[in-house]
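K.L.:
Got a structure for you, questions after.
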Amino acid sequence: MVVVKTAIPLLLPMVSFAIVSFANVRSPVDTVIIDTDCGVFGDDGSAIVMLAHSPEKVRVAGITVVTGNVWAAQSAGYVREIGALVKHPEWKPAIGAQLPLTHTAALARLEPSIEFQGAFSEPPVIAPPPARTAINVMAEEIQAAPGQVTILALGPMTNVAILLRQHPDLETKIRRIVFMGGNVHVGGNASPAAEFNFWFDPEAAQIVLRSKIPEKVMFPLDICNRAVLTKALFDQVASAKTGVAARYREDLGQRYPGFLNKPDAKGYLWDELAAAWLLDTEFVTAEETSHLDVDTRFGASYGATTKLDRKLAPDATPVRVMLDLDFARLFALYRRLMTQ
Ligand code: RIB
């Protein structure tokens, strides 16, 4: 902005008003920290690629990793490999929490109805703690630009919960958290009651939902269940002649959901929806707002999304819960960004 210094005295109040106003105007490019439990590629990888291919809308200020789908140390390696594919060899994913706050593999084994246990189904892969942790990255970025930083949480919210506990002063300085997790009016996918990210670290999700983060935008299974990926749609991305498409084809084709071996398989767009919302909010066609909480009593309902008893967290901000979408609009965006 050009500041006019030779103004007539009468114009001075207007000029200073303009300076103050512009100072509060956000840049059209969102500053985003991606907190992910990215595996070989999967939905986290797609979400990362979508944002990496949208520099006119999003500046990725940091990528932090957490244990969830895989161990955080493994996730860091996968993010580096994906960074190389999208021409960001400089990305240095910062490892944060390597274990959930209280959940453990031993507890998970006690619960017979768990569909997918993520990292808990493999022996732990633990890295030496880095000099600059995920929590440091988040805190430094938020301190440098209070009210400007969006956290895009694609995995269990352990890192975000530790950030809130370690830096309570930053809670209201986060611009917003946009996250994939939870299930409000539908059943779970890790267990009949709970969605995977919430189930893996229910206490962390509870800390975030009970927090005062000014804006919480939730992509629960309610909306994701309506974003079904079939083999025909997978082929539209997998057939592109790019390094990203080759990795997508290999991972979604051979692992989950395994389209190349089971053409009738179906997958879901999960983390991709949260990323897409940073690029085009209009694909969401229905949402509601409510105060939410997480069931942290160990047992069949561990990790289920519940209504918040406001007495427990009177200052908690509400959650914008995304419920339905214009799938054609969303898929067009996804396909364009995944194949470019
Ligand atoms: O429930 C879907 C979530 O769990 C996604 O974040 C996906 O990556 C997964 O494992």
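K.L.:
What is the one condition in (1) away from the ligand (no atom under 16 Å from the Cβ); (2) under 13 Å from T64 (Cβ atoms) that Q166 does not satisfy?
P.N.:
Status for Q166: all satisfied but (2).
K.L.:
State yes or no: is A276 in contact with a His (Cβ under 8 Å, 6 or more places away or on another chain) and crowded, with 18+ Cβ neighbours inside 10 Å?
P.N.:
Working: in contact with a His (Cβ under 8 Å, 6 or more places away or on another chain): no; crowded, with 18+ Cβ neighbours inside 10 Å: yes.
Here the answer is no, as A276 does not meet what is asked.
K.L.:
Could you list all residues from segment 77-104 that are of a type in the set (A, V, I, L, M, F, W, C) and either away from the ligand (no atom under 16 Å from the Cβ) or within 15 Å of the chain's Cα centre (by Cα) (or both)? Talk me through it step by step, then tell me what you get.
P.N.:
Step one: of segment 77-104, the residues of a type in the set (A, V, I, L, M, F, W, C) are 79, 82, 84-86, 91, 94-95, 97, 99, 101.
If the condition is that a residue be of a type in the set (A, V, I, L, M, F, W, C) and either away from the ligand (no atom under 16 Å from the Cβ) or within 15 Å of the chain's Cα centre (by Cα) (or both), then V79, A84, L85, V86, W91, A94, I95, L99, L101 are the ones that fit.
K.L.:
Return the residues of segment 178-212 that are away from the ligand (no atom under 14 Å from the Cβ) and either part of a strand (DSSP E or B) or in contact with a Lys or Arg (Cβ under 9 Å, 6 or more places away or on another chain) (or both); say none if nothing qualifies.
P.N.:
I207, V208, L209
Here is a yes/no grid of residues against (1) surrounded by fewer than 24 Cβ atoms within 10 Å (Cβ to Cβ); (2) farther than 27 Å from D315 by Cβ; (3) modelled with pLDDT of 95 or more; (4) in contact with a Pro (Cβ under 9 Å, 6 or more places away or on another chain):
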| position | (1), (2), (3), (4) |
| --- | --- |
| V178 | no, no, yes, no |
| H185 | yes, no, yes, yes |
| F200 | no, no, yes, yes |
| A204 | no, no, yes, yes |
| R210 | yes, no, yes, no |
| D222 | yes, no, yes, no |
| R226 | yes, yes, yes, no |
| K231 | yes, yes, yes, yes |
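K.L.:
Look through E140, E122 and report the one residue that is charged (D, E, K, R) and away from the ligand (no atom under 16 Å from the Cβ).
P.N.:
Working: E122 fails: away from the ligand (no atom under 16 Å from the Cβ).
Just a single option satisfies the conditions, and that option is E140.
K.L.:
Tell me which residues, restricted to segment 30-75, are part of a strand (DSSP E or B) and away from the ligand (no atom under 14 Å from the Cβ).
P.N.:
Selection gives D30, T31, V32, I33, V58, R59, V60, A61, G62, I63, T64.
K.L.:
Restricting to segment 324-340, name every residue that is more than 11 Å from D280 (Cβ to Cβ), touching a helix residue (DSSP H, G or I) at 6+ places or on another chain (Cβ under 6 Å) and either crowded, with 19+ Cβ neighbours inside 10 Å or free of Cβ contacts under 8 Å to residues at least 60 places away in the same chain (or both).
P.N.:
The one that is more than 11 Å from D280 (Cβ to Cβ), touching a helix residue (DSSP H, G or I) at 6+ places or on another chain (Cβ under 6 Å) and either crowded, with 19+ Cβ neighbours inside 10 Å or free of Cβ contacts under 8 Å to residues at least 60 places away in the same chain (or both): M338.
K.L.:
Name the pairs whose Cβ atoms lie under 7 Å apart, with the first residue in segment 32-52 and more than 12 Å from R80 (Cα to Cα) and of a type in the set (V, I, T), the second in a helix (DSSP H, G or I) and within 9 Å of the ligand (Cβ to nearest atom), and 6 or more positions between them or separate chains?
P.N.:
From segment 32-52, the pairs are T36/D44.
K.L.:
Of the conditions (1) within 16 Å of the ligand (Cβ to nearest atom); (2) touching a residue at least 40 places away in the same chain (Cβ under 8 Å); (3) aliphatic (A, V, I, L, M), A108 fails just one. Which one is it?
P.N.:
Status for A108: all satisfied but (2).
K.L.:
Taking only pairs six or more apart or across chains, which ones have beta-carbon atoms under 7 Å, a first residue in segment 151-174 that is farther than 13 Å from A97 by Cα and modelled with pLDDT under 95, and a second residue that is more than 14 Å from the ligand (Cβ to nearest atom) and in a helix (DSSP H, G or I)?
P.N.:
That search, which allows pairs on different chains as well, returns nothing.
K.L.:
Then there's this: With farther than 24 Å from F327 by Cα, away from the ligand (no atom under 13 Å from the Cβ), touching a Ser or Thr at 6+ places or on another chain (Cβ under 8 Å) and among the basic types (K, R) as the only criterion, which of R132, R175 stands out?
P.N.:
Among R132, R175, only R175 is farther than 24 Å from F327 by Cα, away from the ligand (no atom under 13 Å from the Cβ), touching a Ser or Thr at 6+ places or on another chain (Cβ under 8 Å) and among the basic types (K, R).
K.L.:
Moving to a separate point now. Give the residue, chosen from F298, F283, F327, that is aromatic (F, W, Y), within 30 Å of T230 (Cβ to Cβ) and more than 18 Å from the chain's Cα centre (by Cα).
P.N.:
Answer to the selection: F327.
The values are calculated or read from the model by the stated rules, or taken from the named source; none is laboratory data. Everything quoted here is computed from the prediction, not taken from an experiment. Cβ: placed from backbone, ideal geometry, glycine included. Neighbour counts: every protein chain shown.
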